[in-house]
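The values are calculated or read from the model by the stated rules, or taken from the named source; none is laboratory data. On a predicted model such as this, the values are computed, not experimentally measured, just so you know. Methodologically, a virtual Cβ is constructed for each residue, glycine included, from the backbone with ideal geometry; neighbour enumeration extends over all protein chains shown. Surface areas here come from the heavy atoms of the whole protein model, side chains and all, with no ligands, DNA or RNA. Shrake-Rupley method; radii C 1.70, N 1.55, O 1.52, S 1.80 Å.
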Amino acid sequence: MLNRADILSELHAISPLVEKLPFSPVFTVPEDYFTHFHQILMQRIQKEENQDVSAELGEISPLLAAKLTKKMPFSLPEGYFSEAILPPSTEAPVVQMFPAKRARVLYAAAAVAALVGIFSLFFLIGNNEKNLTPDLHVFSELPKMNSTELNSYLLNSPDDVPADPLPLAGLDEVDFESLINEVNDNELSEFLTENPSLRIESLN
Amino acid sequence: MASFPDDNELLLLFRDPVTKERGYTQLVKKYQEKIYWHIRRLVVDHDDANDVMQNVFIKVWKGLDQFREDARFYTWLYRIATNESLSFLEKEKKKASVSFEDISLALSEKLAADKDFDLSKIEWKLQVAIQKLPEKQKLVFSLRYYEEMSYQEMSKVLDTTEGALKASYHHAVKKIEEFILNS
């Protein structure tokens, strides 16, 4: 807290006119106001702290305070408060990792993925079979052809038949001769018996 | 003027349930006049000042248990009084749906309604000039000129920097000077 001289000194620097204004109170206060203020205040505090609900209502509305009752007009099922209360379950609660709706979506996605996989597998196998079929057909059909038909085919389609088929098989004439020599007559006879169409008539 | 014990002594009395009421009454008696005049200068009317002052000291009764020792009781009390006065004026503004300029005019009218009001007297001119100040400048001028409060204490009461308070006080004095010269 400063003293009056400090305030006036500062005021003099800002405005000598305001510094010279009379410092006298203009407002008046009711007589003995400050003498009794603390008593009025304590009465209010005690009243607020010890406020009785009925007395408060009586002050606001004596009519309501006289007529009103705390009795509730609502009814309860018989024995509502006296019925034994079941103890809470001790089992740990089951927590779902995925909610039902999300699980359904996941199952559907898995089923679609499985179907796509199965169809892809069939598609690949089918393609492989198609690729193998022409060769298989040639070999199965060959025995059914007689030498006349075969000669006719070779004469009419000279471009399809290699002039010398041995190099295609990775063999040369020496290899071929040695391989032929390794086959005994019995095996050769057995082979020709099993594949009569390959028998060359002239050899008979 | 009656002499009162130190604030810390009174706070100790207040914290003891046996002497609580005695300590509180002593605190009220010690500060009631200063707080009343601070409030009265802001709200003008005695009845309004009385209502605000009662609210202030009830807040002190309820909040003194939580009062921290690191703050001064005196600045804490002025802070409550200032806030209560401003809240009261804010309610008045809302009630009448008026702006600050209008509430300033309303306060000047209340001033003029005082049975002792005499604008030929320089002290009444000063009161009218104070009521025409913006809220913050009015507070700063009142705390400095009448309460002789240091800027350091005032900064705790009003939550404003000392520099800003000095500037506000300077502007307030200049406006009052201008009003008196022109009226």
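By the rule of a C-alpha distance below 20 Å, with chain neighbours fewer than 8 residues away ignored, the lysines paired with residue B:125 are A:20, B:110, B:115, B:136, B:138, B:174, B:175. Between the listed residues B:163, B:127, B:14, the Cα displaced farthest toward the positive end of the dipole of chain B, a dipole computed from Cβ unit charges relative to the Cα centre, is found at B:163. Ligands, DNA and RNA aside, residue A:125 has an accessible area near 90 Å² when probed at 1.4 Å.
Taking all protein chains together, A:17, B:119 sort by accessible area into B:119, A:17, largest first [probe 1.4 Å].
The residues of the protein assembly as shown present an accessible area of 69 Å² per residue when probed at 1.4 Å with all protein chains retained. Accessible area per residue was computed with a 1.4 Å probe on protein heavy atoms; residue A:102 scores about 140 Å². At q = 0.20 Å⁻¹, what is the base-10 log of I(q)/I(0) for region B:98-183 according to the Debye formula with one equal point scatterer per Cα and no solvent? Please give it to two decimals. Normalising to I(0) and taking log10 leaves -0.95.
Rolled with a 1.4 Å probe across the full set of protein chains, the surface gives residue A:148 an accessible area near 100 Å². Chain pair A, B: how much accessible area is buried, both chains summed, with a 1.4 Å probe, in Å² to 100? Summing both chains' loss of accessible area gives about 3900 Å². Averaging 1/r over each pair of different alpha-carbon atoms in chain B and inverting the result gives 17.6 Å, the Kirkwood hydrodynamic radius.
Along its principal axes, the protein assembly as shown has C-alpha extents of 160, 76, 43 angstrom, given from the largest down. With every protein chain in place and a 1.4 angstrom probe, the accessible-area ranking of B:123, A:91, B:178, A:78, largest first, reads A:78, A:91, B:178, B:123. In a reduced charge model with +1 at each Lys and Arg Cβ and -1 at each Asp and Glu Cβ, region B:98-183 shows a dipole moment near 160 debye about its Cα centre. Each peptide in B:107-114, A:67-74 was scored by the mean count of other Cβ atoms within 10 Å over its residues; highest first, the order is B:107-114, A:67-74. Of the residues B:177, B:21, B:153, ranked by 1.4 Å probe accessible area with the largest first, the sequence reads B:21, B:177, B:153. Working ranking of peptides A:47-57, B:156-166 by packing, defined as the average number of other Cβ atoms within 10 Å per residue, highest first, is B:156-166, A:47-57. Quantify how much of the Cα-Cα distance distribution of region A:1-108 extends past 19 Å, in percent. Percent of Cα pairs beyond 19 Å in region A:1-108: 81. Against chain B, whose longest principal axis is taken from its Cα atoms, helix B:100-112 shows a tilt of about 90°.
Note on region A:16-53 and region B:55-98: Cα centroid distance 15 Å, given to the nearest whole angstrom. Here the extension length gained between residue A:40 and residue A:109 equals 16.8 nm, from 0.36 nm per residue of separation less the Cα-Cα distance. The fraction of accessible area contributed by carbon and sulfur in the protein assembly as shown is 58 percent, rounded to a whole number (1.4 Å probe; ligands and nucleic acids excluded).
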